[in-house]
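The next block holds one structure in the form of structure tokens; read it before the comments.
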Amino acid sequence: MSKSSELPRLRRTWPQRFLIAFNSVFIVGALIGAGTLAYAKRTVGDINRYRISGIATLESQGLGDQPRNFLIVGADSDDGLAINDPARAGRDKTVGGVRSDTIMIVRLDPKSGQAKILSFPRDLWVDIPGKSRNRINAALQFGGPDLLISTIKYNFDIDINHYVQVNFAGFQELVKLIGGVPVYFSSPVRDANSGLNVENPGCTTLDENGALSYVRSRHLKFYDADRGKWVSDPTGDLGRISRQQDFIKRVLKRAINQGARNPAKLTRMVDVGIQNITLDQGTTPGDLVALGQAFRTFDPNELQTFSLPVTDTTKGGAAVLELVEGEAEPILAMFRGTGVPEDGTTVLPSMIAVRVLNGSGKSNQAAQATEVLAAAGFKMDSPSSASALAVTEVRYRPGQEAQAALVARHLMARPVLIADPEASQITVITGDDFVVALPEALDESVVPVPTTTTAPTTTVPATTVASTVTTTPTVAAQTTTTTEVVGFVPQAAPPPGVVCG
């Protein structure tokens, strides 16, 4: 964005500092103390601002009592870095505009005390309003924060209430202030592209340069001692997202251990790297302080992290990632705040993707059922046929029990609910017992209990990555697909007897 589109520099509040913890250190105000509001007011004149028309306002702005979404953008910008900084090495100076190196949505709900992070792969193939289809990280380059926000709204129907942009220098300064971030590596790791080079296994405290090269690593290799050779992590940006989300928790824990809940220490964090963060025009110190007070006892271990399910594909000769819509819907619904209460206790049709297959052989049965379920509010895929069945089945990916049960309540049948790791969406296969789909759900007393039957599984191809929840499952988390963390991620804790940090 050009200088003419920026507002005068206003100053940065405490969360902006913490919003750095990986280009996103979100507002875990667990770190705020008494007197910070007055301090924030004194410093507000120095915050860099973008005037963004696409920001969704909240009814009780500043009170901190409503769920809200922060769009955190790690800008691929070396502004503020020293001339000889390792992060400048090999950078392409021919590409104009500001590119987004990292895109995350942080959703905070002060009432429930929940915090969630959703990461978007930079190569995700999307419709960019007013432009052709492209990778999502091109939106910031083509049209600044406004276009990126409208792209997220257009493709995923997620409102953005606050915008925070951080560059490399800002991230480095936070890591430096907290004395580096200890990470236990069970093997040496390196990435010639980002500059990462951990030569020995064990506990390594990543300084500002090491931390930046680590969270930017998309071509990571680790040394396999058993095979006596270096092995590449083939997951690229998806593995990087897993490491970034893990690193956020490490930074938060480290900051707390270094005294970030102490107002004096927090004040120093507010002063760090003021030149390196930009906000939207409407985010006020009151908003951030109120949130900080609501989250002042937040435990970083309770941070819920999500990744979108995607699959590798090629567009115009370029390798990109395409969204798996059926699997993504429950995740996206949690960040929309529509149809899914923040406590995760209710599941509504609007958050469930369904496909009906005709397994009875009766003419137009799947098409008619699809029409009825669509009218009931479900997100319906095109109907099709299937092998003959005697009993109707509702297949769901493990973790989608609540969605499957609701779909079953809209069927005049006695369906069997089957956990199927290969189900990309809730799939109804009609059987001889199937009568009709219902516009209104039957009473819960007639809902079949999900069977313990599990469909045969096959290995998921390396090119397909399902969503990831890296926290202790909660009611809300249980409504999403859960898989193992994608890519190489260091151990959360070192082996017994090894002190790290």
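The values are calculated or read from the model by the stated rules, or taken from the named source; none is laboratory data. Quick caveat: nothing in here was measured; it's all calculated off a predicted structure. Every residue, glycine as well, gets a Cβ built from its backbone with ideal geometry; the counts of neighbours run over all protein chains shown. When the accessible area is computed, the model is the full protein with side chains, heavy atoms only, and any ligands, DNA or RNA have been set aside. Shrake-Rupley method; radii C 1.70, N 1.55, O 1.52, S 1.80 Å.
Structure notes:
- Selection count, region 473-501, where residues are at pLDDT 50 or above and surrounded by 15 or more Cβ atoms within 10 Å (Cβ to Cβ): 9
- Long-range neighbours under 6 Å by Cβ, at least six apart or interchain, first residue part of a helix (DSSP H, G or I) within region 136-153, second basic (Lys, Arg) and surrounded by fewer than 22 Cβ atoms within 10 Å (Cβ to Cβ): GLN141/ARG99; PHE142/LYS131
- Residues in region 148-166 that are open to solvent by 10 Å² or more (accessible area, probe 1.4 Å) and under 19 Å from LEU323 (Cβ atoms): SER150, LYS153, TYR154, ASN155, ASP157, ASP159.
- Flag for GLY97 being over 22 Å from the mean Cα position of the chain (by Cα), at pLDDT 55 or above and surrounded by fewer than 21 Cβ atoms within 10 Å (Cβ to Cβ): no
- Contact map, region 196-223: residues that are touching a residue at least 40 places away in the same chain (Cβ under 8 Å) paired with residues that are of a type in the set (Val, Ile, Thr) and open to solvent by less than 10 Å² (accessible area, probe 1.4 Å), Cβ distance under 7 Å, separation 6+ or inter-chain. Pairs shown: THR205/VAL181; ALA211/VAL175; ALA211/VAL181; LEU220/VAL189; PHE222/VAL189.
- Each residue in region 151-168 was checked for being at pLDDT below 95 and of a type in the set (Ser, Thr, Tyr), and 2 of them qualify.
- Taking region 316-333 as the range and being in contact (Cβ under 8 Å) with a residue 24 or more places away in the chain, open to solvent by 40 Å² or more (accessible area, probe 1.4 Å) and small (Gly, Ala, Ser) as the test, only ALA319 passes.
- Top-ranked residue in region 112-147 [being at positive phi and open to solvent by 10 Å² or more (accessible area, probe 1.4 Å); ranked as modelled with the highest pLDDT]: GLY130
- Condition check for VAL347: assigned to a strand (DSSP E or B), in contact (Cβ under 8 Å) with a residue 12 or more places away in the chain and closer than 27 Å to THR311 by Cα: no
- Residues in region 153-194 that are aliphatic (A, V, I, L, M) and under 22 Å from THR205 (Cα atoms): 9 in all.
- GLU329 satisfies every condition listed in (1) modelled with pLDDT of 85 or more; (2) touching a helix residue (DSSP H, G or I) at 6+ places or on another chain (Cβ under 8 Å); (3) among the acidic types (Asp, Glu) except (1).
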